[in-house]
Every structure is written in structure tokens, then in C-alpha cells.
Amino acid sequence: MDIRIKAANHELAQETRNYLDERLASLEKFLGDDTSLVRCEVELGRDAGRPRHGANMWFAEIHIIEPGSARVYARNNAASVNAAIDDVKEEVERQLRQNKKLHMRVLRKTGAAVKRWMRFGN
């Protein structure tokens, strides 16, 4: 998976980068066999339009672009960068799981229809 990270309005620390890589590694099981074609764009930073203090001033965005399937996008604000990463990862995981279930359901229904057609075709 090609991971592209962009930091907005702050310097990205090595601990945050390691934390993000650890979280994104768990998403690969939902992406299928050939993950080399998948591009993951991540943007982390402080929200520019909001006050510079208080709750939910950090944001995380993830775009997953996989050829032949719908794009997955999620954005979340939280009190810390790590909390924003966790929340956005859960949302992306939910969307990927939903897409995978839909794909498997279509394959199974198509296979069942072909089997019925072959059974009654004889």
C-alpha cells in the first residue's frame, strides 16, 4: 500500500508517524490480495478554522483509493492527534468491511445463480 502523509499546521513527530503506520497496517486485510495498487492519503493537523485551544482541535483524514472500487473517505476531529487517528481508522475500517461484505454477497449470489442455471440447463 502506497501511504502518503501530509501534516497541516504542525510538525509530524516520529512517534505520531509510527502510531499512524501501526494503525494503517490493520486496514490491509480489508483491501484484498493486491495491496500494491492501493493508495492511502492521510492528512493530520490542527483545524485552521476553529479556535487554537479547547476540545477537538486536531483532525485526521484518510482517503483510500483502490482501482476498480469506490473511494473510501473519512474525517474526524478529536482532542489529540492519536484520538483523531483512532476514530478515523475505525470509520474507514467500517466502510471497508461494508464494501467487502457487499462484494462477497454479489459473488455468492452470482455463483448460486450460475449453479441453478447449470442444474436446470441439462
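A few notes on this one:
- Count of residues meeting criterion [in contact with a strand residue (DSSP E or B) (Cβ under 6 Å, 6 or more places away or on another chain) and exposed (fewer than 14 other Cβ atoms within 10 Å of the Cβ)] in segment 63-79: 1
- Any hit, segment 12-27, residues being under 17 Å from the mean Cα position of the chain (by Cα) and part of a loop (DSSP other than H, G, I, E, B): yes
- Segment 39-72, subset in contact with a helix residue (DSSP H, G or I) (Cβ under 8 Å, 6 or more places away or on another chain) and over 17 Å from HIS10 (Cα atoms), residue modelled with the highest pLDDT: ILE62
- Residue match in segment 95-102 (condition: under 19 Å from ALA7 (Cα atoms) and either surrounded by 17 or more Cβ atoms within 10 Å (Cβ to Cβ) or modelled with pLDDT of 90 or more (or both)): no
- Neighbours by Cβ (under 8 Å, 6+ apart or cross-chain): first from segment 65-93, hydroxyl-bearing (Ser, Thr, Tyr); second surrounded by 20 or more Cβ atoms within 10 Å (Cβ to Cβ) and in a strand (DSSP E or B): TYR73/ILE62; TYR73/ILE64; SER80/TRP58
The values are calculated or read from the model by the stated rules, or taken from the named source; none is laboratory data. Computed from a predicted model, the values in this text were never measured in an experiment. Methodologically, a virtual Cβ is constructed for each residue, glycine included, from the backbone with ideal geometry; neighbour enumeration extends over all protein chains shown.
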